[in-house]
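Worksheet: one structure, shown below.
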Amino acid sequence: MPRTGSRQRRSGADACTDAIEIENVGKVFRTRLGTVAVEALRDVSFAISPGQFVSFVGPSGCGKSTLLKLIGGLIEPTSGRITVGEREVKGSRRDIGMMFQTPVLFPWRTVLENVLLPIEVFGLDRRSAMDRARDILRLVGLEDRERAYPSELSGGMQQRAALSRVLVVDPQIILMDEPFGAIDEFTRERLNLELLRIWEERGQTIIFVTHSIVEAVFLADRVVVMGTAPGRVLSVIDVSLPRPRSIELMKSPDFADVVFGVREYLGVAR
Amino acid sequence: MSTHLAVAGGERHSLEGTTGVSRVSASRRLYEFLRNRPGIILSPLSFVLLLVLWEFVCRAGLVAPIILPPPTRVWDGLVILFTAPWFPQHVWMTTAETLIGFAVGGVGAILLGIAMVNMPLFKEVVYPYVVAFQVMPKVVLAPIFITWFGLGIESKIVMAIAISFFPVVINTVVGLESVEENAMLLMRSLVASRRQIFWKLAWPTALPSIFAGLKTSLTLALIGALVAEFVTSKDGLGTLIITFSFELKIYLVFAVIVVVSVLGLALYGIMEYLDRKVVFWRHSHFTG
């Protein structure tokens with residue numbers, strides 16, 4: 001099947017988007033006394049092309065969140081190196097946005113103020129960012145809730161607000177750590193479709209950590225399948241299913257094939 | 001409180017719906033409101049009953065008036081106090097000692113708490129002292145403060161500071177350290193400066209805890225001021241209590257106690273109000 005993946009469609013337009021390279025990365029968490037506690041990742045290598053949507057999938061403890069934090073520069077690898085656009089990752093970068101399993105909205109800020117947080121931290125002009133923030137809230141369907149406080153929103157709306165906060169500074173790479181994991185399945189499916197729509201419009205590189213195989217396959221161009229003890233990459237599977245994707249796709253035998261393929265790798269991982 | 005508000009909100013709702021008949025059904029609605037919340041009646045009613053019982057016990061001669069004056073006598077005492085020209089200055093003195101002590105102590109305590117959280121080594125060194133002072137009954141310091149700072153307002157302020165300081169220190173430290181890991185990761189992923197992390201995340205996170213400490217400490221500051229006045233003083237409500245006790249004017253002692261209680265209640269009410277205004281999100285949990 002010919003790839004109608006948006007990667008090709010976008011590759012010309014987004015010259016500013018960087019590739020991510022992960023070379024022989026290992027991460028060991030030590031206790032304070034220096035004794036080995038957990039080997040979270042061992043010898044992980046793969047590359048992510050600009051504008052790709054990549055899922056990390058695997059059981060708890062496979063180091064998928066650790067790998068995400070390493071790429072985001074929130075922690076440092078014990079061995080190996082990670083480069084984003086030829087530059088080695090040393091500390092976090094403002095062109096990489098992060099989203100967590102919890103929305104992490106500040107309860108003392110309204111939705112709009114929460115979305116403007118990165119603008120303030122970056123020292124950009126709040127006034128001129130206001131229109132952009134409102135555009136993004138409209139994009140995620142929160143335009144009439146901008147004055148609401150997070151506690152007045154449902155879980156799904158809170159994560160929409162969190163997504164808006166990432167999008168407001170238009171990062172070229174978005175790292176998402178099980179962003180919709182705590183949300184009911186109906187809402188999650190809708191949010192996933194919205195995420196794909198936004199990604200297809202803007203063409204960021206998105207890394208999406210999940211423990212749902214179906215979700216991983218449905219969203220991604222490539223699925224990085226990870227296993228435990230020690231955390232490692234079992235396989236990187238290309239998903240050449242057509243885009244734009246709809247829920248209908250889940251019925252197709254091609255989709256089932258890929259899902260089964262991923263499942264097989266995870267079955268091997270004991 | 002919140003259920004009360006909810007009921008009030010509901011009332012307004014039904015008012016909108018039935019504007020024409022609202023006057024007719026007003027008494028009925030009042031009746032239903034009270035039936036749903038009998039505590040609103042029963043709580044003050046129990047207080048009145050208590051006063052009546054107290055009065056009866058005294059009038060019946062079961063207790064000597066020198067030991068327990070009847071409520072009516074305490075009321076006389078209050079009238080005497082509030083008509084006396086010398087009374088306001090005593091109220092003012094105790095209030096000033098309390099508020100100055102609370103303000104100085106509160107600000108100092110918050111600053112110390114911030115310093116401790118930001119400098120781990122400093123915290124490690126200082127924390128044992130804080131805990132030691134916290135568990136010490138500060139009342140024992142009152143005579144020393146009188147010796148050091150004299151009979152005037154200074155020694156009372158110092159006592160108020162000493163007694164109200166540590167709850168705020170500890171609540172500030174606890175509050176600042178209760179920042180959620182993901183919130184910290186978010187700020188770090190945005191490459192926020194230390195200053196930004198403090199002002200945009202840690203400080204607001206700590207505010208509910210700090211305010212809880214301040215509320216406790218304002219009441220404590222009043223205790224500190226009164227205790228120091230007990231020891232030696234020329235002015236203040238504590239002085240009045242001691243003086244009237246010596247003169248065996250127990251009904252006046254009771255009257256001053258009522259004034260002190262109302263003062264404490266008023267101060268607490270102000271803090272409660274500020275708390276609700278400043279930390280309006282207290283009852284909404286952190287979403288992350």
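One residue stands out in segment A:122-156 among those that are aliphatic (A, V, I, L, M) and surrounded by fewer than 20 Cβ atoms within 10 Å (Cβ to Cβ): the one that is nearest to the other protein chains (Cβ to nearest Cβ), namely A:Leu153. State yes or no: is A:Gly181 assigned to a loop (DSSP other than H, G, I, E, B) and either surrounded by fewer than 18 Cβ atoms within 10 Å (Cβ to Cβ) or within 14 Å of chain B (Cβ to nearest Cβ) (or both)? Yes: the conditions hold for A:Gly181. Would you confirm, using the coordinates I've provided, whether A:Pro171 is of a type outside the set (S, T, N, Q) and touching an Asp or Glu at 6+ places or on another chain (Cβ under 7 Å)? In short, yes. Scanning segment A:105-116 for residues that are at the interface with chain B (Cβ under 7 Å from one of its Cβ atoms) and either more than 17 Å from B:Leu190 (Cα to Cα) or part of a helix (DSSP H, G or I) (or both) turns up A:Pro107, A:Trp108. The single condition among (1) under 30 Å from A:Ser240 (Cα atoms); (2) within 14 Å of chain B (Cβ to nearest Cβ) that A:Thr102 does not meet is (1).
Considering segment B:75-94, and only residues there that are out of contact with any helix residue (DSSP H, G or I) (no Cβ under 6 Å at 6 or more places or on another chain) and crowded, with 18+ Cβ neighbours inside 10 Å, the residue that is farthest from B:Val130 (Cα to Cα) turns out to be B:Val91.
Residue by residue, here is whether (1) at positive phi; (2) without any contact (Cβ under 8 Å) to a residue 40 or more places away in the chain; (3) in contact with a Cys (Cβ under 6 Å, 6 or more places away or on another chain); (4) not small (Gly, Ala, Ser) holds:
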{"residue": "A:Leu70", "(1), (2), (3), (4)": "no, no, no, yes"}
{"residue": "A:Glu76", "(1), (2), (3), (4)": "no, yes, no, yes"}
{"residue": "A:Val89", "(1), (2), (3), (4)": "no, yes, no, yes"}
{"residue": "A:Glu113", "(1), (2), (3), (4)": "no, yes, no, yes"}
{"residue": "A:Pro150", "(1), (2), (3), (4)": "no, no, no, yes"}
{"residue": "A:Gly156", "(1), (2), (3), (4)": "no, yes, no, no"}
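Within segment B:131-163, being touching a Phe, Trp or Tyr at 6+ places or on another chain (Cβ under 6 Å) and over 14 Å from B:Val104 (Cβ atoms) holds for B:Phe133, B:Gln134.
So that you can scan it fast, the table gives a plain yes or no per residue for (1) more than 13 Å from every other protein chain (Cβ to nearest Cβ); (2) at pLDDT below 85:
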position	(1), (2)
A:Thr4	yes, yes
A:Asp43	yes, yes
A:Phe56	yes, no
A:Gly63	yes, yes
A:Arg94	no, no
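The lone criterion from (1) within 16 Å of A:Val104 (Cα to Cα); (2) assigned to a helix (DSSP H, G or I); (3) more than 10 Å from chain A (Cβ to nearest Cβ); (4) among the β-branched types (Val, Ile, Thr) left unmet by B:Thr205 is number (3). Here segment B:172-182 is the region considered, the condition is being assigned to a helix (DSSP H, G or I) and within 26 Å of B:Val107 (Cβ to Cβ), and the residue that is nearest to the other protein chains (Cβ to nearest Cβ) is B:Gly175.
Test A:Leu68 against the stated conditions and say whether it is within 13 Å of chain B (Cβ to nearest Cβ) and outside any loop (DSSP other than H, G, I, E, B). When the stated conditions are applied, A:Leu68 passes them. The residue of segment B:225-278 that is modelled with the highest pLDDT, among those that are assigned to a helix (DSSP H, G or I) and among the polar types (S, T, N, Q), is B:Ser261.
When segment A:71-85 is filtered for residues that are under 13 Å from A:Ile173 (Cβ atoms), assigned to a loop (DSSP other than H, G, I, E, B) and more than 11 Å from chain B (Cβ to nearest Cβ), only A:Gly85 remains. Is it the case that some residue within segment B:146-162 is touching a residue at least 60 places away in the same chain (Cβ under 8 Å), farther than 26 Å from B:Leu267 by Cβ and either within 14 Å of chain A (Cβ to nearest Cβ) or in contact with a Lys or Arg (Cβ under 7 Å, 6 or more places away or on another chain) (or both)? No; the residues of segment B:146-162 include none that is touching a residue at least 60 places away in the same chain (Cβ under 8 Å), farther than 26 Å from B:Leu267 by Cβ and either within 14 Å of chain A (Cβ to nearest Cβ) or in contact with a Lys or Arg (Cβ under 7 Å, 6 or more places away or on another chain) (or both). Going through segment A:133-149 one residue at a time, which ones are under 22 Å from the mean Cα position of the chain (by Cα) and part of a helix (DSSP H, G or I)? A:Ala133, A:Asp135, A:Ile136, A:Leu137, A:Arg138, A:Leu139, listed by residue number. Residues in segment B:192-202 that are at the interface with chain A (Cβ under 10 Å from one of its Cβ atoms), of a type outside the set (S, T, N, Q) and touching a Leu at 6+ places or on another chain (Cβ under 9 Å): 3 in all. A count restricted to segment A:150-176 and to residues that are assigned to a loop (DSSP other than H, G, I, E, B), over 21 Å from B:Ile197 (Cβ atoms) and either of a type in the set (Lys, Arg) or in contact with a strand residue (DSSP E or B) (Cβ under 7 Å, 6 or more places away or on another chain) (or both) stands at 1.
The number of residues in segment B:46-65 that are closer than 14 Å to B:Tyr251 by Cβ and of a type in the set (A, V, I, L, M) comes to 2. If the condition is being farther than 18 Å from A:Val223 by Cα and surrounded by 15 or more Cβ atoms within 10 Å (Cβ to Cβ), then segment A:26-41 contributes A:Gly26, A:Lys27, A:Val28, A:Val38, A:Glu39, A:Ala40.
Of the residues contained in segment A:43-53, one or more are found to be free of Cβ contacts under 8 Å to residues at least 40 places away in the same chain and either buried (at least 22 other Cβ atoms within 10 Å of the Cβ) or more than 28 Å from A:Ser128 (Cβ to Cβ) (or both).
Look at (1) surrounded by fewer than 19 Cβ atoms within 10 Å (Cβ to Cβ); (2) at pLDDT 90 or above and you find that A:Lys90 fails only one, number (2). Restrict the check to segment B:36-46 and report whether at least one residue is at pLDDT below 55, surrounded by 10 or more Cβ atoms within 10 Å (Cβ to Cβ) and aliphatic (A, V, I, L, M). No, that holds for no residue. Here B:Val139, B:Val91, B:Val169, B:Val174 are screened, and the one residue that is under 30 Å from A:Val121 (Cα atoms) and either touching a residue at least 60 places away in the same chain (Cβ under 8 Å) or touching a strand residue (DSSP E or B) at 6+ places or on another chain (Cβ under 8 Å) (or both) is B:Val169.
The values are calculated or read from the model by the stated rules, or taken from the named source; none is laboratory data. This is a predicted model, so every value here is computed, not measured. Cβ coordinates were reconstructed from backbone atoms using ideal geometry, including for glycine residues, and neighbour counts include every protein chain displayed.
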